Amino acid sequence: MINSLGNRVRPTDTAAVLKLTARIIDESGIVQTLESAAKTKGPAGAPPRYGQYTARGVLIAMFHAVFAGRPASLAEVCALIWTDYTDDQLKFIGMPDIRTTERLAVLTADAAAWRNEHQRLWQFVRRMLDPMDDTPRAANARTGRTASKAAQQKAAITMAPQTELRRKVLNDLITATIDRSLLDDWKGDLAIDEHVVHVSKAFTNYYDDKGMKASATPMANFYKKQNRVGAGWSVGLTRAVATSRPYGRRVPTVCVALDINGSSPGSAEAAKRCLDQFKSSPIRPTKGRNDRTHLVTDQAYSRTTLFNADVLERGYTLLMHYPNDARIRLLHDLGRVIDPEETEPGPFMYRGTILCPAAAHLLRQAGPEAPTPGDTPQHAARFNEHQEALRHCEMPLNGLPQVTINRAPGRPSKTTTAEPERVIKLRVQCPAAKGKVRCAIRSAIQGDGSFEDPATQRLPDLSGSAPIEQWPLVCENANTTIVLTPRQFTQYQPVMEGSWEHQDWMSCNRSRDEGFNSVLTSTEGGNLQDRSVYGRRNPMVSLTIAFSVARANIKIQERWREAVRNNGGVAPNEPRVGQEGNHDGRVAAA
């Protein structure tokens, strides 16, 4: 550690940090984005009296302040530029004429001159960030919550271009921090979650908050459900991180897209904006038409009715936990969805997956709950037996679900003004027709005697739940198309919730997702702590958080390279590699 010109202790690796932060700022292109969107200034006016700040130099200094774990404030940026950086470093960041010996002497001796210089920097930053400034009301104005909410709703319409530019700048910055060579084996799977950052003192006592004033930070919302530090005014960071599949090799859990807005338990709109931003990202892997890309979320997002269909329309298959709510129905009879005149039950949607009518007897009563570390081996064996029986009844998909428009047959009416209905089509296969099980109903329909065939006796028998002389319409075809509305599609997922595979997927991806949060808040990582956001207006709040995310990405990639070196130069495996389908082995291990 060495002392700066202002007798401030600063790290000795300033040159290396500046080189890294400058490369990221340059590769992101955010300086050119802001300068091209800025209002052009005419040639009128007196020539500048002092050296001028530049967007590139100020952004590098802001990133450096966050990178070094210092307060992300303009006061810190001003001190970095005027007292910490050497002349060569100022020249490197593009401001060689900003500091002269005479001007520095005046600032050091006169506190009023220092305050004026800080104000000059503040005015420059305000002009620099004006194209992306979507602050709905005056910062630090303690207005009522009703007026603040009305201002936010109005700004969402009138300041939409500024909001879009702000999101583009933030995501371009995050993309520039990622080494694409580390994601060569990545399949494109994502996990999305929201991290709450307090911007004011937390309130640990419960009280009626309806009459309180709005926060001095216009972007912030009052978030009650925060058990970690209490309720308070906070900003929500919704971010999408790269994740791996539970039975393959790991990938670095870096943030690939983010959205910053008011805090919430889990904003589906912010999650969809992350997916939209990532759609045009250069690091998004290419995939084939039938390649499935997964999105893993917690139960907060599964409460939103249309979220699953919206995610599917963006090319992702949702994997989720359902809320612990007795009002949530986990069993749905789809017989009348296929044929309104159907009288026999089935097929079913149970815990997200499609089961054939043979599962009726298994669904009449609830099966055993998933085993926990304190349960007996007998309970794990009962759970495994029930899961195996349900798994035999699963109707596999023939292709991926498709979002389409349900148009009425014939020519469209000229007087119709209603928008066509959006539906989801699932092409499912009979498990007996696919050769995975044997079924007397299917054999009787086809008349091929496959049920009595000695070659099929080793397959599970699904025919004991329904009379052969009466069967649902779905049993008459090897393939059936099920058309669901977005509301009916809300709970669908390709893996049954509560099964071994679902637990593997959720524990693998959710643990990696929470691991990113740990790096983001640690002092060695992003150092994003509660009340570490010093800005008030939306651009400064967003940049402060985005720089912390960028720092966390850098730290995660450093640890990843070390993990690869320690693993002989190859990416380490997930802990559940080799466990796919090994249900009996898990019961034995219990």
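The values are calculated or read from the model by the stated rules, or taken from the named source; none is laboratory data. This structure is a prediction, so every number in the text was calculated from the model and none was measured. Cβ sites come from the backbone with ideal geometry, for glycine too, and all protein chains shown count toward neighbours. Ligands, DNA and RNA are stripped out before the accessible areas are found, and what is left, the full protein with its side chains, is counted by its heavy atoms. Shrake-Rupley method; radii C 1.70, N 1.55, O 1.52, S 1.80 Å.
So the values come out like this:
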| item | result |
| --- | --- |
| Members of segment 218-245 found to be in a loop (DSSP other than H, G, I, E, B) and modelled with pLDDT under 80, listed by number | K224, K225, Q226, N227, R228, V229, G230 |
| Residue count for segment 131-167, restricted to those that are surrounded by fewer than 17 Cβ atoms within 10 Å (Cβ to Cβ), among the charged types (D, E, K, R) and within 27 Å of the chain's Cα centre (by Cα) | 3 |
| Flag if H386 is touching a helix residue (DSSP H, G or I) at 6+ places or on another chain (Cβ under 9 Å), open to solvent by 70 Å² or more (accessible area, probe 1.4 Å) and touching a residue at least 24 places away in the same chain (Cβ under 8 Å) | no |
| Only one of D325, D333 that is farther than 30 Å from R284 by Cβ, modelled with pLDDT under 80, open to solvent by 30 Å² or more (accessible area, probe 1.4 Å) and acidic (D, E) | D325 |
| Exclusive hit being under 22 Å from P340 (Cα atoms), open to solvent by less than 30 Å² (accessible area, probe 1.4 Å) and at pLDDT below 80, set P467, P472, P420 | P472 |
| Selection within segment 72-103 - open to solvent by less than 10 Å² (accessible area, probe 1.4 Å), at pLDDT below 90 and among the β-branched types (V, I, T) | I98 |
| Residue count for segment 517-547, restricted to those that are under 22 Å from T243 (Cβ atoms), in contact with a helix residue (DSSP H, G or I) (Cβ under 7 Å, 6 or more places away or on another chain) and buried (at least 24 other Cβ atoms within 10 Å of the Cβ) | 4 |
